[in-house]
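We did not get these values from a lab; they are worked out from the coordinates using the rules stated. Since the structure is predicted, the reported quantities are computational estimates derived from the model, not experimental observations. When we count neighbours, we look across all protein chains shown, and the Cβ atoms used for this are built from the backbone with ideal geometry, even at glycine.
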Amino acid sequence: GAEFPPLILSEVLVNPTDGFKCEWVEIFNRSEKNIDLIECQFGDSVTLRRIVTDSRDILPGEYVVLAQNMTEFLDYYPLFEGNVVEPQSWASFNNITPDAVRLMDQFGFELDRFSYCKTFDSNYTWSRDEQTIGEPEWDSSENPGGTPGEPNEIYFGPTGNSVAIMIEPRVFSPDGDGIDESVTIRTEAPPDHEYKMKVYDRQGRIVFDFNRVRNENFWDGRNNSGERLPIGIYIVYLEVVGGESTRKTVVIAR
Ligand SMILES: [Ca+2]
Ligand SMILES: [Ca+2]
Ligand SMILES: [Ca+2]
């Protein structure tokens with residue numbers, strides 16, 4: 001996991017509507033080190049602001065949501081269990097005219113930038129495709145409200161896909177402390193077929209192969225040799241042999 005930058009923009013809601021009055025920006029620590037938010041700044045295409053005035057570490061594999069208004073945010077997402085920070089000041093993001101979300105280090109060196117020239121209605125977010133390698137690709141969230149604090153779900157258009165994976169939780173920490181040690185992967189697929197399910201890392205390498213696919217499967221974040229995998233984003237891939245396939249991201253965090 002020596003990808004640069006260590007801290008990335010992963011999802012943004014720049015055009016809150018339907019009575020919701022809180023823009024938000026989700027960031028993700030994809031490095032293996034803690035990153036102190038006090039050393040970061042963010043802003044729109046014009047202004048830059050500090051995020052926090054006190055130290056606030058983001059752990060490896062952790063998402064943090066920067067919210068314009070924490071009360072509004074938690075009202076809209078009552079089931080939210082992630083990390084949310086309300087910066088002291090907020091650079092408002094344009095709805096209709098082009099704008100950018102920028103993330104910088106304390107010296108003003110740019111870590112990441114997301115430029116956009118349109119937004120979505122009904123609180124659909126702009127979401128980074130976490131399954132692509134290399135140049136980031138962004139698209140609309142699959143559902144209104146998006147996925148703050150969790151891996152993204154992106155709208156790829158109708159597929160007529162009859163296979164699906166559900167992963168709980170989407171972020172887990174298989175480190176031996178007894179908390180969130182594994183994920184449950186539920187599958188939905190047509191009966192009486194042969195299936196393959198594998199886990200890939202972001203370089204596209206197979207790291208784990210399920211030798212049998214059930215309706216309910218467990219994965220403890222280890223590779224086929226039983227070794228713990230590094231923190232980061234992984235892709236669970238389910239395939240009906242000779243038929244449809246689906247995939248979903250899951251995050252190993254510390
Ligand atoms: Ca706005
Ligand atoms: Ca997300
Ligand atoms: Ca744990």
(request) Would you mind ranking Asp75, Asp192, Asp99, Asp121 by Cβ crowding within 10 Å, fewest neighbours first? (result) Asp192, Asp121, Asp75, Asp99
(request) Give, in nm to one decimal, the length gained when the segment between Asp18 and Glu110 is fully stretched (0.36 nm per residue of separation minus the Cα-Cα distance). (result) 29.8 nm
(message) If you average the alpha carbon positions of segment 146-183 and of segment 206-227, how far apart do those two centres end up, in angstrom?
(response) 15
(request) Could you please state, rounded to a whole Å, how far the C-alpha centre of segment 11-43 is from the C-alpha centre of segment 230-254? (result) 24
(request) Could you pull out which residues in segment 67-104 have an amide N less than 14 Å from a spot 7 Å beyond the Cα of Asp180, following the Cα-Cβ vector? (result) 80-84
(message) Charges at C-beta only: +1 for Lys and Arg, -1 for Asp and Glu. How large is the resulting dipole of the chain about its Cα centre, in Debye rounded to 20?
(response) 380
(request) Pairs to check: Lys198/Lys248; Lys33/Lys248; Lys196/Lys248. Give those whose C-alpha atoms are more than 20 Å from each other in this structure. (result) Lys33/Lys248
